[in-house]
Structure formats: structure tokens, C-alpha cells
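The values are calculated or read from the model by the stated rules, or taken from the named source; none is laboratory data. Being a predicted model, the structure only gives us computed values, none of them experimental. A quick note on method: Cβ atoms are made from the backbone with ideal geometry, for glycine too, and the neighbour counts reach across all protein chains shown.
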Amino acid sequence: MIAEHLLLVIGGALTANLTLTYLTGLDVLAETTHSVRAATKMGVRVGIGLFASSLLGCMVQRFVLAPYELTYLQLPALVLIIGAVCAGMRMYLERIPQSEQPPDERTAASCEALCDAEHARPAVYQQAITLVGGSATIAAALLILRAEPTLIQSIALSVGMAAGLATVLIVFADLRQRLDHLLIPRAFRGAPVHLLLLGMMALALSGLSGIAG
Amino acid sequence: MAGEAANELRAAFAVARPPSRIDASAAPVKKAAQSERTPASGLQVTRRLIYALIPGSLVFTAYFGAGVLTNVLVACFWALVFEFLALLLTSQSPSFARVSPGSDPALLIPGWLIALGLPPGSPWWLLAVASGTAVLLGKHAFGGTRNSPVNPAMLGYAVVLLCYPAMLSSWPAPSGVEFSMRSWLATAIWTLAGPDVDAITMATPLDLLRHNSGYLMADLFTASPQLGAAGGVGWQEANAAFLLGGIALLRYRLITWHIPGALLLSLTVLAALFYDEGSSTSGGSPFFHLLSGGTMLAAFFIATEPNTSPRNARGKLLFGALVGALIFLIRTCGDYPDGVAWAVLLANLCAPTIERLTDPVIQESVSARDEAR
């Protein structure tokens with residue numbers, strides 16, 4: 001019983017890794033791995049959002065959509081749930097003292113207008129990603145619902161997926177930090193080498209296929 | 001026109017600093033070796049690494065035929081060819097002197113390691129794909145050996161394992177079990193023209209254990225002569241020889257004891273914990289895991305590569321233990337029979353994180369940089 005759920009956690013984190021197996025959450029990855037601290041923060045935040053929204057999604061699916069045969073409304077329902085979770089998280093984050101979290105009073109529309117401003121960019125993007133949750137959150141919810149799990153199984157899966165995503169963010173941030181010190185050939189500098197590195201991570205992780213069942 | 005294009009290409013690949021990075025300091029000399037009174041030169045390091053690899057390679061050849069040596073020759077040839085190509089693109093004045101094995105140990109060693117990992121007598125193109133990936137993507141895309149985040153040899157090996165899984169499972173039967181020794185000529189033809197369909201192949205011991213779960217260990221050993229006494233005929237002897245080579249590396253002070261020690265210990269402990277001496281589902285005995293597959297090669301020659309492993313002692317211990325645990329996990333639960341390449345790649349990618357978590361100085365510098373942003 002416990003071993004079974006532990007396998008689900010491991011499977012969710014490693015063999016069904018959101019970033020490296022399903023290529024979702026790359027927006028979060030690109031925007032927050034410039035520093036280890038931002039990546040850690042983002043990993044925790046997206047992890048919590050992902051866990052909460054997939055859990056809520058599972059409950060809605062089980063108690064509302066499935067009994068009334070409304071499963072075709074799964075996607076809009078998930079979007080609503082994720083929106084609500086992100087709004088809740090935002091409200092919570094805004095209460096944190098300023099030194100840790102710059103309050104962002106701007107609306108989503110003005111976010112995009114401000115993207116070009118160098119200084120505002122990381123904060124604005126982080127907020128935007130927390131709000132939307134990135135593609136990873138909705139992918140996780142859909143993947144979990146597709147497996148038709150019980151409530152405990154869905155908790156195990158979402159914990160695993162959140163941990164996997166957070167780990168990839170942190171490991172990638174550390175690797176990026178290391179690359180910053182190096183002289184990379186000009187043709188590969190920046191995005192190409194990051195994509196190459198991401199490919200290597202996906203390749204390495206594919207070696208673990210099969211370990212979770 | 002063509003000249004202009006070539007110049008542009010060259011400029012795009014050019015590295016900002018003068019192309020003198022392939023020098024003695026590029027040698028994988030560990031901190032311990034650097035603090036020696038007379039640091040080893042590049043040529044010396046290469047020579048010592050090759051000396052350490054020779055006994056194991058010879059034992060392999062004795063058991064698996066001339067294909068091992070043709071593998072080494074062909075893979076090293078391709079490694080040099082791709083190195084020359086990469087130098088042509090990255091530096092203004094490529095010369096044969098720069099691709100001489102003495103200038104950089106990372107020239108021949110990846111080719112050699114790939115050759116030992118692939119089945120003996122692999123076709124030339126397989127070795128070319130593996131060496132090309134290792135040299136071009138694993139090394140030069142990042143600007144040279146010292147910058148590479150993963151072990152180039154294992155990258156090349158992993159790519160061909162993913163692309164041609166069938167080719168990599170056709171190991172010849174070891175001599176003494178079934179007569180499969182081929183002449184040099186036959187091996188050369190095989191390498192050039194593709195594998196011989198009539199060749200006697202046999203599952204490697206790890207393959208055998210992976211695909212025969214649910215048997216009694218004793219029955220499996222009686223039914224399969226290639227399992228030998230502990231880790232498989234040929235494999236156990238080769239692993240013992242690589243262990244000797246590894247001890248030589250320790251004596252030369254090219255590596256420190258931390259990574260091999262932690263790796264072998266974690267593999268032994270895990271194997272001992274899960275092995276129940278009866279069913280083959282529980283994975284082999286600790287001896288089997290230590291003496292089968294690429295364990296010793298990984299412990300002393302692959303995981304210890306200084307550029308892709310942590311530099312501090314605690315980090316090294318953690319890194320080694322991680323590699324050992326991953327090898328055991330992949331061997332017993334994963335889809336691949338031997339997890340050495342995957343384990344090393346995964347641990348390589350985690351190395352910066354391990355280093356940051358175990359070294360307060362690095363942790364401070366990283367948080368200072370974050371602060372500055």
C-alpha cells in the first residue's frame with residue numbers, strides 16, 4: 001500500500017517529469033532559473049499551486065463532473081480552478097513583507113506593457129507565471145485526471161510531479177550558474193547551450209524509465 | 001564565396017580567449033595532484049590513464065576477442081577526427097600538434113571508454129556516432145573539456161544506447177563458455193561491413209538477470225554458464241583488472257578515494273540490503289554487482305572525471321554514493337540492464353547542486369550573486 005504510493009511519487013517525479021518528459025513548464029524554467037534563489041522560490045510556489053489545483057481538480061472531477069456526466073467540461077473547469085488557486089496564492093504572497101516579495105499592483109494587461117522595462121522584467125514575469133501557473137500546472141492536472149486515480153493516488157502523483165518540477169528548476173539553475181562563468185563558443189552562447197543542457201537532462205532522465213513500475 | 005562562409009562559420013564558433021585551452025592545465029588533474037610538488041603534465045596524465053586502462057582492456061580482449069581492440073582503435077580514430085573538425089571550427093589555426101594525444105588526455109580517453117562500453121566489434125558508424133556526439137556535443141559545444149557539464153564518453157554512449165538498443169545488446173559469448181573467438185581479419189570485416197549475422201551472441205550477465213526475474217539464483221547460475229563464479233565469465237576478471245587500474249590511478253594521485261569509495265560502498269550496501277540469496281528478482285549479490293557490467297570502470301575512470309564531479313570532499317562522497325545508488329536502482333528496477341551511463345549522467349548534472357549544498361563557500365558566493373541581481 002505505502003510502497004505503491006511511494007512508487008507513484010517517484011514515478012511522478014522522475015519518469016513522468018513535467019519538464020523533461022512532457023516538455024511543459026519551460027516558461028517557468030526559462031524565466032526563473034537565472035538565479036538559484038528565484039528558482040527555489042518558484043519551485044516551491046509552482047509546486048504548491050500544482051498540488052492544490054490538481055487536488056481540487058480531482059475532487060471536482062469526482063464529485064461534480066463525473067456524477068452529472070459533465071466530463072466534457074473538464075478543461076474549462078481546470079482553468080477556473082487553476083485561476084482560483086493562483087489568485088489565492090497571489091493574495092497570500094502579497095501579504096508577505098516587501099523585502100521578500102515586491103508587491104505587484106499592476107494588472108495582467110499592464111504586465112505585458114512593462115515587459116520591456118529591464119528592472120521590472122523578472123518580477124513581472126514571475127508574477128505572471130504564478131498567476132497563470134505555467135503550462136505545467138494544467139498539464140499536471142490533466143495527466144493526473146487521465147490516470148483516473150483515487151484521491152490518495154492523486155495526492156501522491158501531484159506531490160511527485162511538484163517535487164520533480166521543483167528539482168529540475170533548482171538543478172537547472174545551478175547548472176546555469178556554472179555556465180555563466182564559462183567561455184562558451186559564440187554560436188552556442190545563451191539559449192542554444194541551455195537547450196542543449198535541457199536535452200542532456202531529458203536524455204539522462206530517460207535512463208530511469210521503468211523504475212516506477 | 002565559400003571562403004567567406006567558412007570564415008563566418010569560424011568566427012561564429014570562435015571562443016573569445018586565444019585557443020590555448022588545450023594545454024597541460026586542461027589535464028584532469030585533481031586538487032590533490034595539483035598540490036603535488038611536480039604537477040603531472042598533460043602527456044604524463046594521458047600516459048598514466050592509458051596504462052591504468054590497459055590491463056582491463058587486455059582481459060576484455062582475452063575473453064571477448066579482437067573486437068575489443070578494433071573498437072578502441074576505431075573509436076579513438078573517430079575521436080581524433082572529430083576533435084580536429086571541432087578545432088577547425090573553434091580556432092583560427094588548427095594544427096595536428098593540438099590533436100596529438102599528449103596535449104590533452106580528454107582526447108583519447110572518451111573514445112577508449114566508449115569502445116569498452118560498446119559490444120566488441122561494433123560497426124565503424126556506431127563508434128563514429130558515439131565518438132562524434134561525445135566530442136562535438138559533449139565537449140566542444142561548451143567550449144572544451146573543462147567546461148563540459150557531463151562526461152562526454154557517457155553522453156556518446158547514452159545517445160547510441162537510445163538510438164540503437166538492439167546493436168548494444170549483441171555481446172559475443174565470452175571464450176571458455178562458447179567458442180566465439182574470431183580472427184583479426186573477420187573482426188576487421190565485421191567492423192567495416194556490419195555485424196555478422198552468424199555470430200554467436202549471448203546475453204550479458206546483467207541482461208540475463210534483468211530478464212529472468214522469478215527464478216532461483218542457484219538455478220540461474222547452473223543454467224547459464226556465462227554467469228561464471230560471481231559477475232560473469234570475462235566480466236569479473238575485467239572488473240578485477242579495472243580495479244587494479246583504479247588503484248594505480250589512486251597511487252598516481254590522479255583521483256582521490258572519495259568517489260570510488262562512496263560509489264562502491266553504496267552499491268554494496270544496497271545490493272546486500274535487497275539480495276535475499278534465493279530469487280533472482282531481488283537482484284544479484286553484492287559481489288555480482290561489484291564485478292559485473294561497468295562497475296569498476298565507472299567507479300575509478302568515469303565518475304571521477306574532475307570537471308563533471310564536485311571538487312570538495314563531502315560533495316565527492318555524496319556524488320559517489322548517488323552514482324552507486326542510481327546504478328543499483330537502474331540495474332534492478334529500470335528498463336536498461338546496466339545503469340552506469342545513465343547514473344553517471346544524472347549525477348554529473350546534479351554535481352553543481354551537490355557542490356553548492358555541501359560547500360558553504362560556494363553557497364555563499366552563489367547567494368551573493370543572487371543578491372547582486
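Which condition number does A:E69 fail, the rest of (1) more than 14 Å from every other protein chain (Cβ to nearest Cβ); (2) part of a helix (DSSP H, G or I) being met?
Failed condition: (2).
Please work out which residue is farthest from the other protein chains (Cβ to nearest Cβ), limiting yourself to segment B:126-143 and to residues that are closer than 18 Å to A:G190 by Cα and surrounded by 24 or more Cβ atoms within 10 Å (Cβ to Cβ).
Quick first cut of segment B:126-143, residues closer than 18 Å to A:G190 by Cα only: B:136-143.
Narrowing further to those that are surrounded by 24 or more Cβ atoms within 10 Å (Cβ to Cβ): B:138-140, B:142-143.
Numbers: B:G138: 8, B:K139: 11, B:H140: 7, B:F142: 6, B:G143: 5 Å.
Of everything passing the filter in segment B:126-143, B:K139 is farthest from the other protein chains (Cβ to nearest Cβ).
Going by what's in this entry, would B:D276 be described as without any contact (Cβ under 8 Å) to a residue 40 or more places away in the chain and either under 14 Å from A:S206 (Cα atoms) or among the small types (G, A, S) (or both)?
Numbers: without any contact (Cβ under 8 Å) to a residue 40 or more places away in the chain: yes; either under 14 Å from A:S206 (Cα atoms) or among the small types (G, A, S) (or both): no.
No, not satisfied.
Could you check how many residues of segment B:330-353 are closer than 15 Å to B:S213 by Cα and either within 8 Å of chain A (Cβ to nearest Cβ) or touching a Gly at 6+ places or on another chain (Cβ under 7 Å) (or both)?
Residues of segment B:330-353 closer than 15 Å to B:S213 by Cα: B:330-337.
In the following step, the residues that additionally are either within 8 Å of chain A (Cβ to nearest Cβ) or touching a Gly at 6+ places or on another chain (Cβ under 7 Å) (or both) were identified as B:330-336.
Residues in segment B:330-353 being closer than 15 Å to B:S213 by Cα and either within 8 Å of chain A (Cβ to nearest Cβ) or touching a Gly at 6+ places or on another chain (Cβ under 7 Å) (or both): 7 in total.
Which residues, taken from segment B:306-322, are within 12 Å of chain A (Cβ to nearest Cβ) and either surrounded by 24 or more Cβ atoms within 10 Å (Cβ to Cβ) or more than 23 Å from A:I170 (Cα to Cα) (or both)?
If the condition is that a residue be within 12 Å of chain A (Cβ to nearest Cβ) and either surrounded by 24 or more Cβ atoms within 10 Å (Cβ to Cβ) or more than 23 Å from A:I170 (Cα to Cα) (or both), then B:T308, B:P310 are the ones that fit.
What number of residues in segment A:166-210 are facing chain B (nearest Cβ under 7 Å) and more than 24 Å from A:G43 (Cα to Cα)?
8
If A:I129 satisfies all but one of (1) crowded, with 22+ Cβ neighbours inside 10 Å; (2) at pLDDT 90 or above; (3) not aromatic (F, W, Y), what's the number of the condition it fails?
Of (1) crowded, with 22+ Cβ neighbours inside 10 Å; (2) at pLDDT 90 or above; (3) not aromatic (F, W, Y), only one is false for A:I129: (2).
Which members of segment A:33-67 meet the condition of being closer than 26 Å to A:G207 by Cβ and surrounded by 17 or more Cβ atoms within 10 Å (Cβ to Cβ)?
Going through segment A:33-67, the residues closer than 26 Å to A:G207 by Cβ turn out to be A:33, A:36, A:39-40, A:43, A:46-47, A:50.
Listed by number, the residues that qualify are A:T33, A:V36, A:A39, A:G43, A:V46, A:G47, A:L50.
State all residues of segment A:4-28 that are surrounded by fewer than 20 Cβ atoms within 10 Å (Cβ to Cβ) and outside any helix (DSSP H, G or I); if no residue qualifies, say none.
Result: A:T21, A:Y22, A:L23.
I need a count of the residues in segment B:142-165 that are among the small types (G, A, S) and modelled with pLDDT under 90. Full working, then the answer.
Kept after step one, since they are among the small types (G, A, S), are these residues of segment B:142-165: B:143-144, B:148, B:153, B:156, B:158.
From the residues that got through so far, the ones that are modelled with pLDDT under 90 too are B:143-144, B:148.
Adding up the residues that qualify gives 3.
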